[in-house]
Protein chains: 2
Amino acid sequence: MQDFQKAIDYVNRHIQLTDEEAAYFTSLLRITKVKKKQYIVQPEFVCKYRSYVVQGAMRAYLIDNNGQDHTIAFAIEDWWISDYSSFIFQQPATLFVEALEDSLLIQIDYNAEQLLMETHPKFEKFFRIITQRSFAFLQQRMLSNLSKSAEERYDEFMKKYPSIAARVPQYTLASYLGFSTEFLSKIRNKKLKKLN
Amino acid sequence: MQDFQKAIDYVNRHIQLTDEEAAYFTSLLRITKVKKKQYIVQPEFVCKYRSYVVQGAMRAYLIDNNGQDHTIAFAIEDWWISDYSSFIFQQPATLFVEALEDSLLIQIDYNAEQLLMETHPKFEKFFRIITQRSFAFLQQRMLSNLSKSAEERYDEFMKKYPSIAARVPQYTLASYLGFSTEFLSKIRNKKLKKLN
């Protein structure tokens, strides 16, 4: 149970679990250790798990037909990650989800999640809330990509997620923001000059 | 009750409502008629309603800092539309939602929706499912924008949503697909030539 406490704490921020409910919830979870560069989701395979990061850093990305890399999401401690389209519909994934560091994950598989909601309907509320947040996050990201300049997107990311920016490889941050690593260096150098 | 039957049918596809539950649900809804070009959501104002289209066609879009128009979503009969980020968090909207035709909507306001879920927790499941679908839809759209050519995106849209493509103004379709009206005409002419 100790190992799962962080996931229980996370859920308790949205719904209140009794001890029995927490125990049942954790009986459906599993702990997974992944090595840096290891994949937990790959295109063509159905994504079986929703993953909570206890420790480490993960990245979801798409490789387009030209071989270009597009980072869709990061997840560090206390974040969830998956290829949600694949997970929700149990269809083949389009994304890779890889470990950027050695990481410790708590995972729940699709069938267990369905069972959890059937037997304990209050989890419907939990998954409704976290899905709404993911949706709003994705919409804001899409609108930001459409309406903001590269530099504005960079500034926004640095302000909102400084701990992620400080931790992930430069090329993943550039590919999240939608520009090249060279362009990212250019923006950073410009900012440094302003500071000096 | 008659007027609300379509919304009840929609909900019943995901959860089973008793007559009492359906009656309570409809007591929280309202019917709204909107004229073509009328707005139901505008930037800076908090989006109060989630709207179901009984009849008509609606469009959600963003105007960027350069005055360019980006269509985010369409909704025709039996679809829901809103600025969900604004609705979910009850914060000022960033989108416009306008009527492309005279339309008939069924609306539920934010507080009523919260009350509905509190008093009838089975609606948690309904809103969880429709949010998951919206999320998957948005993710697929984002991935498609990142990884597919303009022409591939056009083909995909025509295949998936022929009834929307046939009905909405050309400039809104072009702005959904992320290119100019001129480019859309070019693609269409090319397709026509191939057919002849």
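The values are calculated or read from the model by the stated rules, or taken from the named source; none is laboratory data. All values derive from a computational prediction rather than experimental measurement. Don't worry about glycine lacking a Cβ; one is built from the backbone with ideal geometry, like all the others, and counts go over all protein chains shown. Remember, those area values only see protein heavy atoms, side chains included, never the ligands or the DNA or RNA. Shrake-Rupley method; radii C 1.70, N 1.55, O 1.52, S 1.80 Å.
Distances in nm, one decimal, shortest first, from residue A:192 to the same residue in every other copy, taking the label point 7 angstrom along Cα→Cβ.
So the label point of residue A:192 gives 5.6 nm to the other copies.
For chain A, what is the relative contact order in percent, using Cα pairs closer than 8 Å and at least 6 residues apart in sequence? Could you put the intermediate results ahead of the total?
Numbers: 291 pairs, mean separation 44.3, N = 196.
With pairs under 8 Å counted, the relative contact order is 23 percent.
So if each residue of separation counts as 0.36 nm, and I subtract the Cα-Cα distance between residue A:115 and residue A:149, what length gain in nm does that give?
Working: separation 34, 0.36 × 34 = 12.24 nm, distance 4.46 nm.
Additional length available on full extension: 7.8 nm.
Hey, which aspartates and glutamates would be in cross-link range of residue A:6, C-alpha to C-alpha under 14 Å, not counting anything within fewer than 8 residues on its own chain?
A:77, A:78
Of the options A:146, A:192, A:79, report the single residue whose Cα projects farthest towards the positive end of the charge dipole of chain A (beta-carbon charges: Lys, Arg +1; Asp, Glu -1).
So the residue furthest toward the plus end is A:192.
Comparing B:18, B:172, B:26, which has the greatest mean-square fluctuation in the GNM of chain B with Cα pairs linked when under 10 Å apart?
B:18
Put a label point 7 Å from Cα along the Cβ direction on residue B:32, then list its distances to the equivalent points in the other copies in nm, shortest first.
Copy-to-copy label distances for residue B:32: 4.2 nm.
Calculated from DSSP H runs of 4 or more alone, at -39500 (n - 2.57) each and per residue, what is the 222 nm mean residue ellipticity of chain A, nearest 500? If you can, show how the numbers build up before the last one.
On the way: 9 runs with 97 residues, N = 196.
Rounded to the nearest 500, the figure is -15000 deg cm²/dmol.
How long are the semi-axes of the equivalent ellipsoid of chain A, defined as square roots of 5 times the Cα gyration tensor eigenvalues? Whole Å, largest first. Spell out each step's value before the answer.
On the way: eigenvalues 210, 65, 51 Å².
They are 32, 18, 16 Å, listed largest first.
Between residue A:39 and residue A:16, what is 0.36 nm times their sequence separation minus the Cα-Cα distance? Round to one decimal in nm.
My answer for the length gained is 5.0 nm.
Long-range amide H contacts for residue A:100: which residues qualify at under 5 Å (H placed 1.01 Å from N, peptide plane, sequence gap of 5 or more or a different chain)?
Those lying under 5 Å, H to H, from residue A:100 are A:37, A:57, A:58, A:59.
Roughly how many Å² of residue A:69 are accessible to a 1.4 Å probe, to the nearest 10?
It works out to around 40 Å².
So the label point sits 7 Å from Cα along the Cα-to-Cβ vector; using that for residue A:171, what distances do you get to the other copies, in nanometres, sorted shortest first?
Label-point separations across copies, in nm and ascending: 4.3.
Give, rounded to the nearest 20 debye, the magnitude of the charge dipole that region A:2-120 has about its Cα centre when Lys and Arg contribute +1 at Cβ and Asp and Glu contribute -1 at Cβ. Before the final figure, lay out the partial values.
On the way: 10 positive and 17 negative charges, 63 e Å.
In total the dipole reaches around 300 debye.
Per-residue mean of other chain beta-carbon atoms within 10 angstrom of the beta-carbon, peptide B:82-89?
Details: counts 0, 3, 4, 9, 2, 2, 6, 3.
Taking all residues of B:82-89 together, the mean is 4.
Towards the positive end of the charge dipole of the protein assembly as shown, with charges on Cβ (+1 Lys, Arg; -1 Asp, Glu), say which of B:56, A:114, A:24 has the farthest Cα.
B:56
I want to verify a result. In a Gaussian network model of chain A, Cα cutoff 10 Å, which of these has the top mean-square fluctuation: A:106, A:72, A:31?
Fluctuation is largest for A:31.
Shape verdict for the protein assembly as shown, please, from the Cα gyration tensor: rounded (a/c under 1.5), prolate (a/b greater than b/c) or oblate. Provide the component values of the computation, followed by the final result.
Numbers: a/c = 1.66, a/b = 1.05, b/c = 1.58.
Because a/c hits 1.5 or more and a/b fails to exceed b/c, the protein assembly as shown counts as oblate.
Mean-square fluctuation check for chain A, GNM, Cα pairs under 10 Å: which of A:74, A:89, A:126 is largest?
In the Gaussian network model the winner is A:89.
Which entries of A:122/B:48; A:35/A:125; B:148/B:190; A:35/A:159; A:159/A:186; A:125/B:33 show an alpha-carbon separation above 21 angstrom in the structure shown? Don't skip to the answer; put the middle values down first.
Details: A:122/B:48 25 Å; A:35/A:125 33 Å; B:148/B:190 18 Å; A:35/A:159 29 Å; A:159/A:186 18 Å; A:125/B:33 32 Å.
Table pairs above 21 Å Cα-Cα are A:122/B:48; A:35/A:125; A:35/A:159; A:125/B:33.
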